[in-house]
């Protein structure tokens, strides 16, 4: 796959665009071995850069997470993915300057402001290879999201003179208690509008909003560490990442291609034996949570308690 530029984007606030940007960046970079760059254009809060700074400050005085970081580097050889903080109009030039310095990421993720009216945002969206739009089954959110996705598709993705090829919608914050017919009705509207819908459904998990804390609990959203295995499985992050990579390869090749990595089955209450590959690790599989975080071609049994709402039947 050639270098790809993508954005997790939605004009509706509180849908998790910055959260998904960080989770995907860390999973791609630290777990799957893709060199990643995150361009933080989300002013004035600068969500990604602000979290990176908070985590670096915490880790100076937190031996547990400092040790996790050291173990991660020894196991994977992966340094921290870089964050480029800049205003949207400055982003193309700043990215080009970084590329000329010698760092060549496979995937560049842009975290954009919550409104396309901000200067430079339309230009950045038009320059992406793909835009991924999270949405949840809420009437207000859906009205805004569908209008946004349709506008991007019609005005940018369907313009052959622009780089943007595809706009993909995906469900997030799903709740198995919600009625299936509700999703059926929304998806019928999505198909009628000619919009692209991904198959992955992301369930709500509290760790989506949980940063590194001194209480030594599992890693959720972090710019320094890979998401914990159980969390990545429960939250369908592995499947979301694989589907995004497959779509990017499909867009690049002009036809459907199969992802090289095997889709991991994460069904409620099932135990699955999953093989994880990390290089350079010589530890054992004892009960130490730090040791258990990484293994070398080791077979581990993980309890995948997250539920997948359902796949798109359309």
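The values are calculated or read from the model by the stated rules, or taken from the named source; none is laboratory data. Fair warning: this is a prediction, and the values are worked out from it, not measured in the lab. We place every Cβ from the backbone using ideal geometry, glycine too, and count neighbours over all the protein chains shown.
Residue check: is residue 42 within 24 Å of residue 200 (Cα to Cα), over 13 Å from the mean Cα position of the chain (by Cα) and buried (at least 17 other Cβ atoms within 10 Å of the Cβ)? Spelling it out, it is not the case that residue 42 is within 24 Å of residue 200 (Cα to Cα), over 13 Å from the mean Cα position of the chain (by Cα) and buried (at least 17 other Cβ atoms within 10 Å of the Cβ).
Yes/no matrix, rows are residues, columns are (1) out of contact with any helix residue (DSSP H, G or I) (no Cβ under 8 Å at 6 or more places or on another chain); (2) surrounded by fewer than 19 Cβ atoms within 10 Å (Cβ to Cβ); (3) touching a residue at least 12 places away in the same chain (Cβ under 8 Å):
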{"site": "77", "(1), (2), (3)": "yes, yes, yes"}
{"site": "84", "(1), (2), (3)": "no, no, yes"}
{"site": "87", "(1), (2), (3)": "yes, yes, yes"}
{"site": "91", "(1), (2), (3)": "no, no, yes"}
{"site": "97", "(1), (2), (3)": "yes, yes, no"}
{"site": "103", "(1), (2), (3)": "yes, yes, yes"}
{"site": "107", "(1), (2), (3)": "no, no, yes"}
{"site": "113", "(1), (2), (3)": "no, no, yes"}
{"site": "117", "(1), (2), (3)": "yes, yes, no"}
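Any chance the stretch 216-228 includes a residue that's part of a loop (DSSP other than H, G, I, E, B), modelled with pLDDT of 85 or more, out of contact with any helix residue (DSSP H, G or I) (no Cβ under 9 Å at 6 or more places or on another chain) and surrounded by 13 or more Cβ atoms within 10 Å (Cβ to Cβ)? Outline the logic, then answer.
The initial filter retains those residues of the stretch 216-228 that are part of a loop (DSSP other than H, G, I, E, B), namely 216-228.
Narrowing the set further to residues that are modelled with pLDDT of 85 or more leaves 221-228.
Subset that is out of contact with any helix residue (DSSP H, G or I) (no Cβ under 9 Å at 6 or more places or on another chain): none.
Scanning the stretch 216-228 turns up no residue that is part of a loop (DSSP other than H, G, I, E, B), modelled with pLDDT of 85 or more, out of contact with any helix residue (DSSP H, G or I) (no Cβ under 9 Å at 6 or more places or on another chain) and surrounded by 13 or more Cβ atoms within 10 Å (Cβ to Cβ).
For the stretch 126-155, residues that are out of contact with any strand residue (DSSP E or B) (no Cβ under 8 Å at 6 or more places or on another chain) and closer than 22 Å to residue 2 by Cβ total 1.
Output the qualifying pairs, or none if there are none: Cβ atoms under 6 angstrom, residues six or more apart or on different chains, first residue in the stretch 236-262 and on the phi > 0 side of the Ramachandran plot, second residue modelled with pLDDT of 70 or more and not in a helix (DSSP H, G or I). Note: pairs meeting the criteria are 236/200; 236/202.
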